[in-house]
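A.B. asks: Quick one: this structure, given as structure tokens, is what I'll be asking you about.
The values are calculated or read from the model by the stated rules, or taken from the named source; none is laboratory data. Everything numeric here is computed off the predicted structure, so don't read it as measured data. Virtual Cβ from ideal backbone geometry, glycine too; neighbours counted across all protein chains shown.
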Amino acid sequence: MPGALLLAAALAAVPSAAPPAPAPEALHAAWPGVRLSPPSGSYAPEALRADLEALAGSSRGVVRIAEKGRSTEGREIAVVLAGSGPEKVLLWSQMHGDEPTATAALVDLLAFLAENGAEPATAHLLTRLTLVVVPMLNPDGAVRGDRRNAQGIDINRDASRLQSPEGRFLKELRDRYAPSAGFNLHNQSPLVTAGPGGPQVAIAVLAVSASRNEPDGPSLARKRGLAGHLARVASTFVPGRVTRYATDYTERAFGDSMSRWGTPTVLLETGGWHGPREEERLVRLNFVLLLSALHALARGEETADAPFYETLPPNVRGDLVDLVLRGATVHGGRGLPPFLSDVAVVKARAFAGDGRRLSSAAVVDVGDLGHLAGLEELDAAGLVLAPAPVGGAEAWEKVVSDLAARGLAKDGAFLLDDAALAREARAWAAGRAIVPWATVDLVLFRKGEKGLVVEGFVREGSRTK
């Protein structure tokens, strides 16, 4: 057993008069009062540096910047310490530059510890643990909104060769501090379901393997317990939307390598939580999960939720999109006769996990899409769908004016049969068509007594009037 795990086992065996850990609901309620992270849920490196330095300067030693590494392009990589306990815990985020949620949550977590350092449960945590926090490992990628670093390397696949400065720095931290637990923090695609046909996944966890067939033992029990704890607490807030991340052992990946090197590591992947202020709600959820898991570690209770981990459904990709229009009569924009079809649309997002990155919303599939679910769905039976002109509302007004001038629009209705609509849509779409991976807005018509009436639009993946 690695020395760090022997230490952890010894600490857990000592009878403790620890004060009760705060309930997850209490942590959730506390977040607005300590929050430093921006409303976007995403930090620029300069803003992150300013918040960390201000926090270290005002925390009376609870939070301190231990050192600063350097990225490929020379940007700072801050290492923040909190607590003075014998057991070291390593938490790192944003090794993929476009995965920002946990970075914001870590800043808020540090702010909470600084603000509540004298409170009994927090004081107990800080005397049992020393947190080694790397909020943003890949600032070059963060600046570009890019998964990879400035070399074009996926840092999370550089654990074997260590050709990236960021990867070497993370490995040096692990070797120096010998942490007894690690938290590898990411965003995955928000378009993942909890099991086949399940709801959108908000949180996925994984007890990261140290080998292809890792034997049972204290390390595996700790990982399963921590992953189970994260999942159980998440289920309080997002029931049915928590999964086990689906991946095989990958020797060159950092989480797997950390576990192999002697730091039992759990993966936390933040997905989507459809609705208003999604980014803020996900940051808040991460804050609660991580702080609750750290309390469990400090109290020696981290293995208690291992059975819950075994009950989690798997991540399933490919079954979820943002919007599905069901059963529309489609004029695709190429002058062809109309046809009945479903149309699926995906929005552009700041992060896409390891999925396809989009610069703007796109049609991702056309045809019989009964296998897909949409975060939003529209029964489009009886509606006519066509590509909208580039340029939004202003461009559409020009189309309407042109049609009216030619006697093809009157009193809010378009006097177009199928052949005329096919011809006109091809002209105003100017080469764009409703086909997979096309970045095209859509216009919906309803057939009325006087002709076609505009029902609404789909712009940047959202329905509008």
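A.B. asks: Pick from region 399-434 the residues that are in contact with a helix residue (DSSP H, G or I) (Cβ under 9 Å, 6 or more places away or on another chain) and of a type in the set (D, E, K, R): which of them is surrounded by the most Cβ atoms within 10 Å (Cβ to Cβ)?
C.D. replies: Glu424
A.B. asks: Cβ-Cβ under 7 Å, sequence separation 6+ or interchain: first residue in region 130-141 and closer than 11 Å to Glu73 by Cβ and in contact (Cβ under 8 Å) with a residue 60 or more places away in the chain, partner crowded, with 24+ Cβ neighbours inside 10 Å and among the acidic types (Asp, Glu). Which pairs?
C.D. replies: These pairs meet every condition: Asn138/Glu166.
A.B. asks: Of these, Asp154, Asp175, Asp146, which one is modelled with pLDDT under 95, out of contact with any Pro (no Cβ under 6 Å at 6 or more places or on another chain) and either surrounded by fewer than 24 Cβ atoms within 10 Å (Cβ to Cβ) or assigned by TED's automatic domain parsing to the domain that holds Ala207 (or both)?
C.D. replies: Among Asp154, Asp175, Asp146, only Asp146 is modelled with pLDDT under 95, out of contact with any Pro (no Cβ under 6 Å at 6 or more places or on another chain) and either surrounded by fewer than 24 Cβ atoms within 10 Å (Cβ to Cβ) or assigned by TED's automatic domain parsing to the domain that holds Ala207 (or both).
A.B. asks: Sticking with this structure for a sec: In the same structural domain as Ala23 (by TED's automatic domain parsing), surrounded by 24 or more Cβ atoms within 10 Å (Cβ to Cβ) and among the charged types (D, E, K, R) - does that describe any residue in region 212-223?
C.D. replies: Looking for residues that are in the same structural domain as Ala23 (by TED's automatic domain parsing), surrounded by 24 or more Cβ atoms within 10 Å (Cβ to Cβ) and among the charged types (D, E, K, R), one finds at least one in region 212-223, hence yes.
A.B. asks: Kindly establish whether Ala388 is in contact with a Phe, Trp or Tyr (Cβ under 9 Å, 6 or more places away or on another chain), of a type in the set (Gly, Ala, Ser), surrounded by 14 or more Cβ atoms within 10 Å (Cβ to Cβ) and over 28 Å from Ile203 (Cβ atoms).
C.D. replies: So Ala388 passes the test.
One line per residue, one yes/no per condition, for (1) in a helix (DSSP H, G or I); (2) in contact with a strand residue (DSSP E or B) (Cβ under 6 Å, 6 or more places away or on another chain); (3) on the phi > 0 side of the Ramachandran plot:
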residue: Leu358; (1), (2), (3): no, no, no
residue: Glu376; (1), (2), (3): no, yes, no
residue: Ala420; (1), (2), (3): yes, no, no
residue: Arg426; (1), (2), (3): yes, no, no
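A.B. asks: If you go through region 220-262 one residue at a time, how many are of a type in the set (S, T, N, Q) and in contact with a helix residue (DSSP H, G or I) (Cβ under 6 Å, 6 or more places away or on another chain)?
C.D. replies: Residues meeting the conditions: 2.
A.B. asks: So, Pro314, is that one surrounded by fewer than 23 Cβ atoms within 10 Å (Cβ to Cβ) and more than 30 Å from Asp216 (Cα to Cα) or not?
C.D. replies: So Pro314 does not fit the description; no.
A.B. asks: Does region 335-346 include one or more residues that are part of a loop (DSSP other than H, G, I, E, B), in contact (Cβ under 8 Å) with a residue 40 or more places away in the chain and in contact with a Ser or Thr (Cβ under 6 Å, 6 or more places away or on another chain)?
C.D. replies: yes
A.B. asks: Quick check on Leu267: is it of a type outside the set (Phe, Trp, Tyr), closer than 23 Å to Gly141 by Cβ and touching a Leu at 6+ places or on another chain (Cβ under 9 Å)?
C.D. replies: yes
A.B. asks: Identify, please: which residue in region 24-70 is basic (Lys, Arg), without any contact (Cβ under 8 Å) to a residue 60 or more places away in the chain and assigned to a strand (DSSP E or B) and is, among those, farthest from Leu289 (Cα to Cα)?
C.D. replies: The qualifying residue farthest from Leu289 (Cα to Cα) is Lys68.
A.B. asks: Just to be sure before I move on: is Ser235 at negative phi, in the same structural domain as His274 (by TED's automatic domain parsing), small (Gly, Ala, Ser) and in a helix (DSSP H, G or I) in the structure I sent?
C.D. replies: It is true that Ser235 is at negative phi, in the same structural domain as His274 (by TED's automatic domain parsing), small (Gly, Ala, Ser) and in a helix (DSSP H, G or I).
A.B. asks: Okay, moving on. List the number of the failed condition for Val443; all other conditions in (1) part of a loop (DSSP other than H, G, I, E, B); (2) in contact with a helix residue (DSSP H, G or I) (Cβ under 8 Å, 6 or more places away or on another chain) hold.
C.D. replies: Every listed condition holds for Val443 apart from (1).
A.B. asks: Okay, next question. Among the residues of region 37-65, what is the count of those that are among the small types (Gly, Ala, Ser) and surrounded by 14 or more Cβ atoms within 10 Å (Cβ to Cβ)?
C.D. replies: Residues flagged as among the small types (Gly, Ala, Ser) and surrounded by 14 or more Cβ atoms within 10 Å (Cβ to Cβ) within region 37-65 amount to 7.
A.B. asks: Now for a separate question. Filter region 215-239 down to the residues that are more than 22 Å from Glu301 (Cβ to Cβ) and free of Cβ contacts under 8 Å to residues at least 12 places away in the same chain and list them by number.
C.D. replies: Passing the criteria: Pro215, Pro239.
A.B. asks: Being in contact (Cβ under 8 Å) with a residue 40 or more places away in the chain, more than 17 Å from Gly335 (Cβ to Cβ) and buried (at least 16 other Cβ atoms within 10 Å of the Cβ) narrows it down to one residue among Trp437, Trp396; which is it?
C.D. replies: After ruling out the rest, the residue left standing is Trp396.
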